[in-house]
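Colleague: For reference, the structure I am asking about is given below.
Read the figures in this text as sums done on the coordinates, not as results from a lab. Owing to the predicted nature of the structure, the values given are computational and were not obtained by experimental measurement. We place every Cβ from the backbone using ideal geometry, glycine too, and count neighbours over all the protein chains shown.
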There are 2 protein chains.
Amino acid sequence: MSTALRIGLAGLGTVGAGVVALLDANAALIERRADRRIAVVAVSARDRARARGVDLARFEWIDDAGGLPARDDVDVVVELIGGADGPALTLARATLAAGKPFVTANKAMLAHHGLELATLAEAHAVPLKYEAAVAGGIPVVKGLREGAAANRLERIYGILNGTCNYILSRMEAERLSFAAVLADAQTLGFAESDPSFDIDGVDAAHKLSILAAVAFGARIDFAGVAAEGIRRVELADIDYASALGFRIRLVGLASADDGAMFQRVHPCLVPFAHPLAHVDGALNAVVAEGNFVGRLLFQGRGAGAGPTASAVVADLIDIARGEVGPAFAMPTARLQPLPPADASAQVGRCYIRLTVADRIGVLAELTRELGDAGVSIESLIQRGTASDGEVYVVMVTHSTVHGRVAAALAKIAASASVTAPPLMLHILDF
Amino acid sequence: MSTALRIGLAGLGTVGAGVVALLDANAALIERRADRRIAVVAVSARDRARARGVDLARFEWIDDAGGLPARDDVDVVVELIGGADGPALTLARATLAAGKPFVTANKAMLAHHGLELATLAEAHAVPLKYEAAVAGGIPVVKGLREGAAANRLERIYGILNGTCNYILSRMEAERLSFAAVLADAQTLGFAESDPSFDIDGVDAAHKLSILAAVAFGARIDFAGVAAEGIRRVELADIDYASALGFRIRLVGLASADDGAMFQRVHPCLVPFAHPLAHVDGALNAVVAEGNFVGRLLFQGRGAGAGPTASAVVADLIDIARGEVGPAFAMPTARLQPLPPADASAQVGRCYIRLTVADRIGVLAELTRELGDAGVSIESLIQRGTASDGEVYVVMVTHSTVHGRVAAALAKIAASASVTAPPLMLHILDF
């Protein structure tokens, strides 16, 4: 048997402590699978005194994580500090430049600096691995990079943010408002005190940009992701969607075609029959569509200490087994710089919710605007009358070019009959 | 760039032709991902004249596949002949003994000879890869072997046979009998003219034994799989199950605990809320439960030329990238010889369908037998009366030791009141 693979671990929050706990609990099994021990030797975090529920006294404590890469007794650095820049990025650069493998769960850093880091890893012929950065414990980076590698992937999409899915699921199941569920989720620790990263779609956009790079062999392009969160989704929308045969989910979607890449995070209406409609609570799921394999679905827990640690240690086992491959599924020189596709040229059905004054002629005005833009309406719901004289009009369009809907809604929003900004959601029709 | 990885391909049925078609269609992409070309150089099949929809004239034709391993221009042999023994096994042994990587979709051969072949591969330090042998295009072998490698896997289960799932789905959707759907499936080519391999659960058992070996680090034990097919499932059972909140699926299930391994293929009642209840038609799905990652689900197309070719070529890309690991997730010397667990000691709810004479006192007799065996009944349905004086009594038990149910049913089957063998199905309660 080989000698142990010796780990320097930077960051001892929930996930860092989870990695230590996992390596303890499954040590014998991991040794059988990796054919060598995987042993933490040195750890680093901001606060040495904090109780973490795992015994850290047996490891060397390093105040400055930046000292880990240079240590002779560290073979691999695991970064669980977080943050797109700062100490995490410094550590990544130093580790790879020192010719040592680097494992991270840091989606923000990869979204912003993934290409630079992959290039550096390649130059030093060491692995840069990040399974834990996307969809927690689900081995979807491996699934796309290796499992689906024989396919031209035409589209990937999925539920990439557990907080948003938890909020939308609970709104639906318990008939609560967005604000009420968010507040409760914050109390329970399922949402951050500043939740904007999650609920505005930024976290999902980070993950989507990583998946898209792997799936399409593209240079990662976080700036090219159009991200919209779930703040504007109301319980009424969930009810209307349900009446029409849909559930609302925050979906990250990417496709590549004609030398351009489309990336969007957006609340979508998902038909009841679609597997993503059954992904509830804090689960994540990713669908990949390949030209030979067809539709693949990967589903599991998208966050939390256990699942994330599972992904981090899977990367370590790969490294222990000697697996060294390109970070984004192909050598960086072969990654294509794909410009963002025109979002307005995307095609599909749309859900539109308008808040209008309850008076004669309004419906005719709205439908005329849509008709003038070339958008035809598949179904329309107008129910009752609100006490304040406002009413919701909800429509589902036939499949159309999204830009037409946007143009019509820009005009409609300016109408005196419309008393609040329109809400438009896309329908997941594949 | 390295030189091409040169393939000798044995077997040119649907899947073999699919591999050729895939390597043609996605050649440029595969070269980017693998950093080298993957090129078929020699092919072998029984009938040279048969039209296969792909151009084979550019390849060397070999009448005897056994000649492939010794060829200097063949780096890897791909076996798509099928059959547990015979030419496929001869070819596998010869290829590995020649120190060349071997890729196969042959679940029967692996179920019967997997340990021998893995040992041979290890002795010659070459990969034995078989992603296509289980669940078609779904990268589930990789998912368990690598993606979930950090976990003690406690249980794996799934829908592993597309033919059975197609039949059960259509019986439910179109309200047809088993015989009617089977006959139609045979006409359409979705079922073999001799369907016993599929519908008696043998094919699913082959696949389950492979997954269990990978998941639990166990020596493969096909003989230890208790397999029961779907011949006895009637439309009435599907209706009763539906009324009780379940769908019927053929589920392969394996668990390892206390130094023993439990493996069973059996039609199960799956609660509507469970993801497997939404796996319809010819899809496959596999669930793995790990002690850190929780529940992982992999879903996709379980058969067909495209998906199976996708899995075969994924293995080739792994080989081209230099990935060489143990066939069953750990060196064969570390695989445990786990004896079969006692099936009667398994615990869970059961569905029981009895065909009884429609006369006074029968229900009391049946429930007394179950009660005497310590089995308590959660729900019971008896509807109407059949014209022939027979009636179905359907029960769901509370969670109990399966052996108790079996013992009670053995007595009940012998009763004069019971006019046909009882049907017992397990309920998937996790």
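Colleague: Express in % the proportion of alpha carbon pairs of region A:262-366 at distances exceeding 15 Å. It would help to have the intermediate numbers written out before the result.
Modeller: Working: 4475 of 5460 pairs.
Summing the P(r) of region A:262-366 above 15 Å gives 82 percent of all pairs.
Colleague: Could you work out the local net charge near A:Val225, counting Lys and Arg as +1, Asp and Glu as -1, over the other residues with Cβ closer than 13 Å to its Cβ?
Modeller: Details: positive: A:Lys107, A:Lys207, A:Arg264; negative: A:Asp200, A:Asp203, A:Asp221, A:Glu228.
Here the count lands on -1.
Colleague: Got a sec to turn the phi values of region A:327-334 into Karplus ³J(HN,Hα) couplings, 6.51 cos²θ - 1.76 cosθ + 1.60 with θ = phi - 60°, whole Hz, x for Gly and Pro?
Modeller: 4, 9, 6, 7, x, 4, 5, 8
Colleague: Something else: Kindly provide log₁₀ I(q)/I(0) values, in the same order as q = 0.16, 0.18, 0.22 Å⁻¹, from the Debye equation applied to equal alpha-carbon scatterers of region A:144-253.
Modeller: With no solvent term, the Cα-only Debye profile gives -0.77, -0.90, -1.11.
Colleague: Students often check this: by mean Cβ neighbours within 10 Å, which of B:214-220, A:296-302 ranks highest, and how do the rest follow?
Modeller: Values: B:214-220: 24.9, A:296-302: 26.6.
Packing order, densest peptide first, comes out as A:296-302, B:214-220.
Colleague: Pull up all non-local amide H partners of A:Ala327: gap of 5 or more, or a different chain, and H-to-H distance under 5 Å with H placed in the peptide plane.
Modeller: Here the answer is A:Leu128, since their amide H atoms fall under 5 Å of that of A:Ala327.
Colleague: If the elastic network links every pair of Cα atoms under 10 Å, which of B:Gly374, B:Gly11, B:Gly143 fluctuates the most in the Gaussian network model of chain B?
Modeller: Greatest mean-square fluctuation among the candidates belongs to B:Gly374.
Colleague: Which far-off residues, 5 or more places away or on another chain, put their amide H under 5 Å from the one on A:Val40, with H placed in the peptide plane?
Modeller: Under 5 Å from the amide H of A:Val40 lie the amide H atoms of A:Ile7, each far enough along the sequence or on another chain.
Colleague: Moving on to the next point. Which translational diffusion coefficient, to the nearest whole µm²/s, is obtained for region A:5-133 from the Stokes-Einstein equation, given a Kirkwood hydrodynamic radius over C-alpha pairs, 37 °C and 0.692 mPa s?
Modeller: Working: Rh = 14.7 Å.
The estimated diffusion coefficient comes to 223 µm²/s.
Colleague: For B:Asn161, which sequence-distant residues (separation of 5 or more, or a different chain) have an amide H within less than 5 Å of its own amide H, given hydrogens modelled in the peptide plane?
Modeller: Result for B:Asn161 returns nothing.
Colleague: Determine the shape class of region B:104-204: with a ≥ b ≥ c the square roots of the Cα gyration tensor eigenvalues, call it rounded for a/c under 1.5, and otherwise prolate if a/b is greater than b/c, oblate otherwise.
Modeller: Numbers: a/c = 3.17, a/b = 1.93, b/c = 1.64.
The shape class here is prolate.
Colleague: To the nearest 10 degrees, how steep is helix B:305-320 against the longest Cα principal axis of chain B, on a 0 to 90 scale?
Modeller: 50
Colleague: Is there a simple number for the mean count of other chain Cβ atoms within 10 Å of the Cβ of residues in B:32-38, and what is it? If you can, show how the numbers build up before the last one.
Modeller: On the way: counts 9, 12, 5, 6, 0, 0, 1.
Mean shielding count: 5.
Colleague: DSSP loop (so not H, G, I, E, B), at most 13 other Cβ within 10 Å: list which trypsin sites (Lys or Arg not before Pro) in region B:12-117 pass both filters. Could you put the intermediate results ahead of the total?
Modeller: Working: sites: B:Arg32, B:Arg33, B:Arg36, B:Arg37, B:Arg46, B:Arg48, B:Arg50, B:Arg52, B:Arg58, B:Arg71, B:Arg93, B:Lys107; in loops: B:Arg36, B:Arg37, B:Arg46, B:Arg48, B:Arg50, B:Arg52, B:Arg58, B:Arg71.
Within region B:12-117, the qualifying trypsin sites (Lys or Arg not before Pro) (loop, at most 13 other Cβ atoms within 10 Å) are B:Arg46, B:Arg48, B:Arg50, B:Arg58.
Colleague: Given R₀ = 30 Å, FRET efficiency for A:Glu228-A:Ile360 by Cβ-Cβ distance, to 0.05? Before the final figure, lay out each step's value.
Modeller: Numbers: r = 34 Å, r/R0 = 1.12.
With R0 = 30 Å, the Cβ-Cβ based efficiency is 0.35.
Colleague: Another question about this same structure. Running a GNM on chain A with Cα contacts under 10 Å, which residue among A:Val391, A:Val270, A:Val225 ends up with the highest mean-square fluctuation?
Modeller: Top of the fluctuation ranking is A:Val391.
Colleague: Pairs on different chains or at least eight residues apart, Cα atoms closer than 12 Å: how many lysine pairs in the protein assembly as shown fit?
Modeller: Counting lysine pairs in the protein assembly as shown gives 9.
Colleague: I'd like the orientation of helix B:402-413 relative to chain B: the angle between its Cα long axis and the longest Cα principal axis, in ° from 0 to 90, rounded to 10.
Modeller: For helix B:402-413, the angle is close to 60 degrees.
Colleague: Also: Take the alpha-carbon centre of region A:354-418, take the same for region B:1-52, and report the distance between them in whole Å.
Modeller: Centre-to-centre (Cα) distance: 54 Å.
Colleague: On to the next question. Going by a ≥ b ≥ c, the root eigenvalues of the Cα gyration tensor, does the protein assembly as shown fall in the rounded group (a/c under 1.5), the prolate group (a/b larger than b/c) or the oblate group? Let's see the in-between values first.
Modeller: Values: a/c = 1.38, a/b = 1.03, b/c = 1.34.
The shape class here is rounded.
Colleague: Also: Relative to the other copies, what are the label-point distances for B:Ala357, with labels 7 Å from Cα along the C-beta vector, expressed in nm at one decimal and sorted shortest first?
Modeller: 8.1
Colleague: Give the dimensionless ratio obtained when the Cα radius of gyration of chain B is divided by 2.2 N^0.38 Å. Don't jump to the answer; show the numbers that get you there.
Modeller: Numbers: Rg = 23.7 Å, N = 430, 2.2 N^0.38 = 22.0 Å.
The value comes to 1.07.
Colleague: What does the charge count near A:Pro331 come to, summing +1 for each Lys or Arg and -1 for each Asp or Glu among other residues with Cβ under 14 Å from its Cβ?
Modeller: Numbers: positive: A:Arg145, A:Arg219, A:Arg334, B:Arg32, B:Arg33, B:Arg36, B:Arg321; negative: A:Glu122, B:Glu31, B:Asp35.
Residues near A:Pro331 contribute +4 overall.
Colleague: Using a 10 Å cut-off around each Cβ of peptide A:110-120, what is the average number of partner chain Cβ atoms that fall inside? Before the final figure, lay out the partial values.
Modeller: On the way: counts 0, 0, 0, 0, 0, 0, 0, 0, 0, 0, 0.
If you average over the peptide's residues, the count of other-chain Cβ atoms is 0.
Colleague: What residue among A:Ala51, A:Ala408, A:Ala92 shows peak mean-square fluctuation when chain A is described by a Gaussian network model with Cα springs under 10 Å?
Modeller: With Cα springs under 10 Å in chain A, the top fluctuation among A:Ala51, A:Ala408, A:Ala92 is at A:Ala51.
Colleague: Follow-up question, since we're still on this one. Could you work out how far the C-alpha centroid of region A:193-268 sits from that of region B:193-212, in angstrom?
Modeller: About 40 Å separates the Cα centre of region A:193-268 from the one of region B:193-212.
Colleague: For helix B:14-25, what angle does its Cα long axis make with the longest principal axis of chain B, in degrees from 0 to 90 and rounded to 10?
Modeller: 50
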